[in-house]
1. Express the relative contact order of chain A as a whole percentage, based on alpha carbon pairs under 8 Å and six or more residues apart in sequence.
2. Picking from A:Ile679, A:Val634, A:Cys646, whose Cα lies most toward the positive end of the charge dipole for region A:633-697 (charges on Cβ: Lys, Arg +1; Asp, Glu -1)?
3. Using a 1.4 angstrom probe on the protein heavy atoms only, line up B:Leu246, A:Leu561, A:Leu88 by accessible area, largest first.
4. Can you give me the relative contact order of region A:293-341 as a percent, contacts being Cα pairs under 8 Å and 6 or more apart?
5. Over all residues in A:779-785, what is the mean tally of Cβ atoms on other chains that come within 10 Å of each residue's Cβ?
6. Averaged over peptide A:818-827, how many Cβ atoms belonging to another chain are found within 10 Å of each residue's Cβ?
7. Based on the Cβ-Cβ distance from B:Asn157 to B:Thr218, what FRET efficiency comes out when R0 is 22 Å, to the nearest 0.05?
8. Classify region B:132-178 as rounded, prolate or oblate, taking a ≥ b ≥ c as the square roots of the eigenvalues of its Cα gyration tensor: rounded when a/c is under 1.5, otherwise prolate if a/b is larger than b/c and oblate if not.
Amino acid sequence: MNPTTLIDKSNSKISNTNAILKNDLKALPKDQNFAEIYNSLQNLIPSIRLKNIRNSLIDAKYEICIEKARYMTEYFKKISKVGFFQKLIEKIHYIVYKKSVVKISKDIYQKKWQIKLNRKLISYYRRKENNSKGQIQIDFANAFKYTLEKVPIKIFSDELIVGNLSSKRIGAPLHPDLGALMLLPEIEEISSRSRNPISINKEELESLKNDIFPFWFSRSILANMNLYMKNPETFNMLMNGSLFVLTQFSGISHLTPNYPEVLHLGIRGIMEKAENKRKFILDQKDAKSEEIQESLNFLESIKISCEAVILYANRWQKYLIETAQSETNEVRKIELEKMAEIVKRVPEHPAKTFQEALQSIMLTHAAVHYESFQHGVSFGRLDQYLYPYFKKDLDSGELTIEKAVELLGCFFAKAAELLPLFFDKATDYFSGLSSASGTTIGGVEEDGKTSVNELSFLVLKAYDQLRLRQPNFHARIHESTPTLFRTYCMEIIKKGGGMPALFNDEKIIESQIQHHVAKKDATNYSIVGCSEWGSPYNSFPAAGAIFINIASTIPLLFKSLRNVNGLNFSSLPQPITTIHDFKDLQVAVWDMLKELISIALDGNDAIETSHANHRPTPFLSAIVDGCINNAKEVNDGGAIYNPTGCQATGLADLADSLYAIEQLVFLEKKLTLEELNGIVANNFSGNETLRKYILNRIPKYGENDLKVDEIASWVAEIFCNEVKKKKNSRGGYYSPGFWTMTTHQGFGKRQGALPSGRMSGDSLANGVSPKNGWDKKGPTATMNSIASLDGNLISNGYVLNQKLSPNFVKGDFGNQIMLGLIDGFFSKGGMQVQFNIIDPEVLIDAKKNPDQYKDLVVRISGYSAYFNDLTESMKDEIIERTMHCSCG
Amino acid sequence: MQSLANQLKTALLFDVQRFSIHDGPGIRTTLFFKGCGLRCAWCHNPDSQIHTKELVHRVDRCSECRTCEVACPKKAINITTHTINHDLCDLCGICAEVCPELSMQILGLEYTPQSLLDICMQDFSYYENSKGGITLSGGEAILQHDFLEDFLPMIKNNSIHVTLETAGFYPWKFLEKLLPYIDLIYYDLKIADPEEHKNYTSKKNEVILENLKNLTQTNNEFLIRMPVIPEINNTKENVLATVKLLNNLGVNDIFLLKYNNLWESKLFYLSGNRKPLNLKYNAQQFDATVQAFEEYGLRVSFEH
């Protein structure tokens, strides 16, 4: 006889099953190395400093920053040589153009002749200026320097790491040189707009209207991209936002600069690198050719921009000394003096201590953001490259664990100071105001040993004490990942907030290698922004450049479903008239998708080309590996890897729609395709029975139904393959992904009903997830559906939102369940998963009483956000996501 | 019908629940077998009791589209009155297939050993990584022992952990032959007194206790569970009698289940004359029961 005598009262607190489980487990991998750090973190007293910083950030109001815009405008006006005649034309042009921007905001699009005329004028201005690429690079480097000489700098109370990503406590810098003109129709009301109001003062407003916008409207990316659009209609399609979204007219986006090199060499060391390259080029035989002159100009622009950053640090030093002098609190005075010493050294020189390293990155990071609007500038594998500094200081007694957590916290808090500034329509697509700075921890070495170190734990602890919406934390999980680290991740995730997201090393490394990434770089992958895996420090992946509504392909196929919406679809294939079987339908969808991708990618090419030609970022080029060596600007293909991310939104919706058509029309023959389209065109009105039948009786993606999953795999495959066929203007390949931010809501709002049973205007499915609430078979079934997609095709990330009720994941048993889900999913080939673990009641209450939940952080897509910053419909979606816990 | 099912070596299940985390260790797939020898007044799966298929009509979901009425080959459905003529109905299931609202439902689906194995294998990787497995529940799974005799060796061939949740009311030989394939048994006791047991479950408990005694003489791992039904089996007398019973068998542990009255919401569409009990879980009472068992020296565990 052998009854389960193991169960005693202490175990019963968790669950009886847990006791059995413990007995049942094989010996766990030894975690001796980490037991000490794990235990010491459990008992760590929360930092009051971090609490204060957190509170001040949560209470801060959101403000627009126009400093960069102002100084840049000042500089360029100074050097501009526009004649009287051109000034006059520009004035008239601006008056007309303003009107058309207002019209666009109301979904009234430009006529072909207007687009053409606009393009002619812009082309005329550029010809008049007659600037070479290299000259433009130098101009922007000087403008950057001018800006960094003047931008206000400020330290906030309790801070140990300085650097302002904007001029305000929480600020949204405005970039007229990129796409900020789209704000024009709403700028007067921006402080009182219903969604994400951001304040701006009267003086700033006047300066924008009278000075800044009129100067940049003809010089911005928004203007210049028209020069390169193959199809003038693309501009209207982009502004309409129902078929695709191209983000880079608002700024380049999503990369991980070579911060480790900044630590090793210092900015001065990087300048020397550029100088050496310059000498090397000058030594070449044909050193006088035009091309070489361009390279020299580029290297000169690097020098200027690096000097600018050193100058910026010097300003900080002076400022910190002054602040220390007037500081009455002796303790703070010493802190400030130490910080002044630190910015005297970094980022100019190599960092020597942990605090210097963090400070060096943060000042560099701030400078990157003053150069240009760059969404998703990420930190890479922070726990890896900071480790030597941490270890040295810890061993020498310079640093304690408490202090290290506090310093990391001070560093991360800075990343939460920045907001992206979206015009109202864009808010539908990018709700949550994420600046998407990815921070990656954990992972594996090339020899298969775990990369996890004490800092990996400390990063999580610092996040845990702050719990701000930024930066994004990502944990790489590998077979070698110690159980204690996994457990620690679970403990942090279970407190809500959705971080860290988890990534499957085995599969992602394999997939990267298949995409021409060297093994060394693939193993060293980190996450840019939300979920985009790739080689850090040496890539310019533009990971968040394109989002395509692939669910729109079906409605576009049929005349009755094409929603004209003020658009001319002449560039898309004509509606089809004959479809005999499911194969025909698949072919037609494929053709439509091909065209849609082609149009979106051409549009993106135009934007990237206009960045390379008209809006270079020399400082960023200095800190992305490859640019100096290639003597090529980062927007011009200087980096070692140059992909552009292209995301599909609505994978589940397209797969579900295709399967519903196959079932209803071709297999059950319940009705003809024409009849079905008629019903869908009418938004199922009067045919609720059919809609219910589709919803209840026809399997959906996410239910582990082999047939639907096969269709979803097919959709993913054709999308990925079509995207990957094309090269961008920087010479890299387009790179497919399935993460959506909130574009599933933006597109959904503008998308008519679908044969899947989804009603007109409803959100599409998010990321690679099934449609919200349609995953009725629980998380394992959902994960199986997703794992059935061929991960080797997906090179730019995907996001699976998995919701679990807090009740299910309580205690050690809950850890075991979560780890079982994650490992089970990853062993089947799953690549990424993130959890929203929160009681729906809390969210419902938060929606009603926003003031009481200012700090409530929820997971959106590949990023987290304050619940209060979300659009109302996104709030509802998050509530719905947590409600459908069809499990247990 | 049951004997026929057994001849064909198919099982009748009324539900398969994936990602089940309260029915044994780790992540599990719980198989709910249909049919039970007991009729417990508090049975939380009243739809599991009858060992044949049943056609039920959920009026709450019906939109009166009449698709089923038209589709029924026996003309057994009247949607105006929301009634099924069970004399005409031959459980062909066509109505359930066409119903868009899931309002017409056949309770009970047949599975061959292979088809059920396929379903279990879908989540294998999650069992493996959470030390989970499958759970046989019901109804009373052991009543379909012939099927299990084929099915469980297939499961064990794949090294899947098997938990059985059983009420213990069947001939010992049914369970005995399956014991080698079962890793963990949750064995339910309800009421100690045989007459009271009969009052509330329709059967006396002698067979159940005899089987338990046999079980204690095997090497199988098991855990006694008792649902705490307010006012019915949480009395001092029953606690004491249960303790005595367990002491005699040398059993020191008991797992107490909290009562939940969700089953009453299923009654409106089920045939038979089940009556709601109108009882509610009461935390104080439950804690008192836990304490009572502990005072008698048993080790008590329960779910929080």
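The values are calculated or read from the model by the stated rules, or taken from the named source; none is laboratory data. Since we're looking at a predicted model, the values are computed, not measured. All Cβ positions, glycine included, derive from the backbone under ideal geometry; neighbour counts span all protein chains shown. We work out accessible area using only protein heavy atoms, side chains counted, and drop any ligands, DNA or RNA first. Shrake-Rupley method; radii C 1.70, N 1.55, O 1.52, S 1.80 Å.
1. Relative CO of chain A lands at 15 percent.
2. A:Ile679
3. Heavy-atom accessible area, descending, gives A:Leu88, A:Leu561, B:Leu246.
4. After rounding, I find 32 percent.
5. Mean partner shielding for this stretch: 4.
6. Taking all residues of A:818-827 together, the mean is 5.
7. E between B:Asn157 and B:Thr218, to the nearest 0.05, is 0.50.
8. oblate
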